[in-house]
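Nothing in this text is a laboratory measurement; each read-out follows from the coordinates by a stated rule. As the structure is a computational prediction, the values presented were derived from the model and not from experiment. A quick note on method: Cβ atoms are made from the backbone with ideal geometry, for glycine too, and the neighbour counts reach across all protein chains shown.
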Amino acid sequence: MAEALTTQEVVEEFLRELRNQEQHTQVLVSQSTAVKFLMARKFDVSRAIELFQAYKNTRIKEGIYNINPDEEPLRSELLNGKFTVLPGRDAKGAALALFTARLHRPDSTSHKAVLQAIIYQLDKAIESIQTQRDGLVFIYDMTNSTYGNFDYELCVKILNLLKGAFPARLKYVFIVSSPLWFRAPFAVLRLFVREKLRERVCTVKAHELAGYIPMESLPEHLGGSSQYSHIAWIQACVNSGQAGLESGDGDCVGNLLRSYSMKQPSSAVDPTTGDALNSNLGDDNSCTTNANVHNHYHRPSRTSRSPEFPRGHCQHWNGAALTQGSGVTGRGLHPPPPPQSDTPPDTPLYRKCGGGSAVTDGIAASGQRDEDGGGLEEDEAGLDVPPLPQKSSRPAPAQNLGLSPGPGPDAEQSVHMPESGGMDVTQLVQYVKKKKKKGIYQEYEEIRKEQPSGSFDYSKKPCNQVKNRYSDVLCLDHSRVKLSPLDDDDETSDYINASFMDGYKRSSAYIATQGPLPKTYADFWRMVWEQMVLIIVMTTRVVERGRVKCGQYWPLDVGRSEEHGHFVVRNVHIEMFQDFKLSHLELCDSRTGETRDVAHYLYMSWPDFGVPKSASAMLDFRGQVKQHQEAAFRAMRADWTGAPGGPPVVVHCSAGIGRTGTFCTLDICLSRLEDIGTVDIKQTVRRMRSQRAFSIQTWDQYYFCYMAVLEYAQRRRLLAPVEWSDTDPETDSE
């Protein structure tokens, strides 16, 4: 048997094989870099070479040739704390990398920038011999995140990088789940995780993570006791990078990528990204070095510290943050970042430190909505003002998109008219069969990625934020419902989280609103009175899955009365149906004694997860609501001076965009189908979202609209029964 090779011989074999594959005669990477790839594959040269090639190809594919932490957008990406390496380790010594989903804004950053930041930090993390030996644990933290933070393609890229394209052993992936993880949009990611990671992945709740990782290694918001400083960690990375450059060991794959790019003209464009190749690829600051970067966290050496960075600042990255007002200076990361807490939100330390600037953080502090407009249990006491969301970019001109500026002279632009471009039911069947569920999902994704056309200024005012059930569900200024001011000096008295939405051949056919909060009950009933509302449609139960989705804003029992502001609401009579409950309410203005009748429809057959398997109950419900609205309007027509068609129907779920948008989409599409025999679901949803931003929250709601229209057509004998070849999509109905 041949004598076992020494470590040095294995390294030399790795470098020799690499030179042969790359057709180079000179050394491409340092011996220390070779050791990292070899250790990640237990010194199996062929597997280590495969890993190196995968890593190189990943960077080439993503256009990551040069990583300079001084340059934007990488600098901002490093400072925002989205991805960090924690100071603690698991029980067996593995390093802990944390990706905080709620800090990711897909509409304001690129995959390239995020991957640059991750590669830069992981390269620094594996300078530790212990990390090379014991591997890496990746924590994907979804707590308090929203659908707006989800980026499937980025998730796949990160997991592929960690699983098979980085010189560190991926020991385990912990997905700290929220209710979102089990919703339909995450079905594809769940399938990817199960197929690709298998036994390496574990889905846990935040409080369960301490059962796998020592508490002293976990941040407080994940059930631990660690008070880490991300900024201090970044400073340690920058210091380490300078030490590597000074020692001449800062190559990693920089030399290789430089040699790769030298085969191209100096002005060549990377075919995979469309970006011009950087001509100065030798300054690759993503390289690994012989130094153990973890040593710099506690005792930065004279050579590793930035000349301008004062001694004593940022010495302890696992607890002692930067001194207030001090910045990262010298070669890396300047000027100083804006003041912010280094501890994630919603923890005692975060609140104690005064973190969570509404303007700079943009993190939702109230409950997060789920796919049906519901969310986590929100604080209905209104003690804390939730921070501002950052969803809307600079809006496109409304006239260019054919969108309505809201109720007013130009509202006809967004009224759903019997225009060309729709499909009859036969064409719709063929369209759905051709697109299949995946194609309909992609169609919804196109709509979802369109930015709202308008501003959210009134909803963002600090005095109005406490009236929003969810801090990331706001009203567009041009379509918001304005209440009559109670006091000229009170700028908040005209605000309610509610939006006018046009219907088929009708302007302001609906008012889409959130489930009222106790603090907004009086505002809700004032809106109902001022808009002369006849019908209220509620598509969520007050409590679902143990969570409060909506306040009990009307009297639950017959004969009971409740007073909200200047209005007294009395429950006169209740009718029970198989799928919904109809409460006949009497609304009285206590100042004048005038009374009106209001019908309250509570739909109770929406399942706790996903969407209904059949649209039959929803179609019956819509028919009842439509019939009642028409009869009630006929009875009060003489007193009505508003838009043709009568007062708006108030529709709400929890957030006023998920089930609410689904109900309104169906009503509009079926009204058009009844009138001219065609529908245009995509255009209907787009126009609806121009007035109530983000209406229809998930692809399964969007797909449900298609299937409901076809089911309605079959019931009306406009279409023969249809057999579908594709199976039901994976949803959150387990």
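Among the trypsin sites (Lys or Arg not before Pro) found in the stretch 413-513, those both in a DSSP coil and sparsely packed, with 14 or fewer other Cβ atoms within 10 Å of their Cβ, are LYS449. Equivalent-ellipsoid semi-axes for the stretch 561-683 (Cα gyration tensor, √(5λ), whole Å, largest first): 28, 20, 13. In the stretch 398-715, the inverse of the mean reciprocal separation of distinct Cα atoms equals 20.0 Å; this is its Kirkwood hydrodynamic radius. Within the straight-line cut-off of under 20 Å between alpha carbons, the lysines reachable from LYS42 are LYS56, LYS92, LYS163, LYS171, sequence neighbours fewer than 8 places apart in one chain being disregarded. For the stretch 11-81, trypsin sites (Lys or Arg not before Pro) meeting the loop criterion (DSSP other than H, G, I, E, B) and having at most 12 other Cβ atoms within 10 Å: LYS42.
Checking every one of the GluC sites (Glu not before Pro) in the stretch 628-731 against DSSP loop status and a limit of 10 other Cβ atoms within 10 Å picks out GLU723. Please give the residues of the stretch 689-725, grouped as numeric ranges, whose backbone N is less than 14 Å from a label point set 7 Å along the Cα-to-Cβ vector of LEU191. Answer for this model: 700. Note on the stretch 1-120: Rg/Rh from Cα positions, Kirkwood definition for Rh, rounded to two decimals, is 1.06.
Can you compute the FRET efficiency between SER455 and ARG547 using 1/(1 + (r/R0)^6), with r the Cβ-Cβ distance and R0 = 41 Å? Round to the nearest 0.05. Efficiency computed from Cβ-Cβ geometry: 0.85.
With a Förster radius of 45 Å applied to the beta-carbon distance between THR203 and ALA638, the computed FRET efficiency rounds to 0.15. With the simple spin-label model, which puts each label point 7 Å out from Cα in the Cβ direction, the ARG16 to LYS519 separation comes to 7.3 nm. I'd like the antiparallel share, as a percent to the nearest 5, of DSSP beta bridges with both residues in the stretch 398-715. Beta bridges within the stretch 398-715, antiparallel portion: roughly 75 percent. Counted residue by residue at 0.36 nm each, then reduced by the alpha carbon distance between them, the extension gain from GLU563 to ARG47 reaches 178.5 nm.
Entry for the stretch 633-718 at q = 0.11, 0.14, 0.21 Å⁻¹: log10 I(q)/I(0) = -0.36, -0.57, -1.02, Debye formula applied to identical alpha-carbon scatterers, no solvent contribution.
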